[in-house]
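These notes concern the structure reproduced below.
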Amino acid sequence: MRTYSVERVEMPAIRLIGFELHESLNQVLETKIVVKLREELAARLRDIEGAANAADIYLVQAYSENEQWTPDKPYRHVIGAAAAEGAAIPAGMIAYALPAGRYVKVTHEGPESRIGETYDYINRELGHRPVDIEVWPDIHALEREESRIDIYFPDRG
């Protein structure tokens, strides 16, 4: 059984600019829409003030607090890059604010295709959360064994 490091960290407020969709996990996996949008975002980073030199791309997954999550229920996905405060929003994109605060950080180690194992651990050991934030340091290396994806969610403890 794999062991996971769980840290509590303070995060500053981050303004993301990118793309948004409302889809279920099953739809996302079937259509690969998140993969397509993160590749489009990477190609358009130069259009986002303050993001051109940033390597990290964020995936925010916001769930309904009123319903039990299932892989068939649509929820909000934001694929974005950190942008300068006040940066213009390019055509076809949205802005999203990640609030400052205390977050729990769990690092997924290994290929992105196995990230479900890390989420199984989080769900089993740490419970339901209103939002998950994945930080991808290099979207072109996500399927490598040495890949690392940090997953953050608000610390409710």
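Read the figures in this text as sums done on the coordinates, not as results from a lab. As the structure is a computational prediction, the values presented were derived from the model and not from experiment. Virtual Cβ from ideal backbone geometry, glycine too; neighbours counted across all protein chains shown.
Quick check: is even one residue across the range 72-82 basic (K, R) and more than 15 Å from P130 (Cα to Cα)? Looking through the range 72-82, none of the residues is basic (K, R) and more than 15 Å from P130 (Cα to Cα). Return yes or no: is A83 of a type in the set (G, A, S) and surrounded by 19 or more Cβ atoms within 10 Å (Cβ to Cβ)? Criteria met by A83. Answer yes or no: is there a residue in the range 28-39 that is assigned to a strand (DSSP E or B), surrounded by 12 or more Cβ atoms within 10 Å (Cβ to Cβ) and not hydrophobic (A, V, I, L, M, F, W, C). Among the residues of the range 28-39, not one is assigned to a strand (DSSP E or B), surrounded by 12 or more Cβ atoms within 10 Å (Cβ to Cβ) and not hydrophobic (A, V, I, L, M, F, W, C), which makes the answer no. Taken over the range 117-149, the criterion of being surrounded by fewer than 12 Cβ atoms within 10 Å (Cβ to Cβ) and among the small types (G, A, S) is satisfied by G127 alone. Does the range 102-138 hold any residues that are among the aromatic types (F, W, Y) and either in contact with a Pro (Cβ under 8 Å, 6 or more places away or on another chain) or in a loop (DSSP other than H, G, I, E, B) (or both), and which are they? Residue satisfying the conditions is Y103 alone. Among the residues of this structure, E112 counts as one that is surrounded by 17 or more Cβ atoms within 10 Å (Cβ to Cβ), acidic (D, E) and without any contact (Cβ under 8 Å) to a residue 40 or more places away in the chain.
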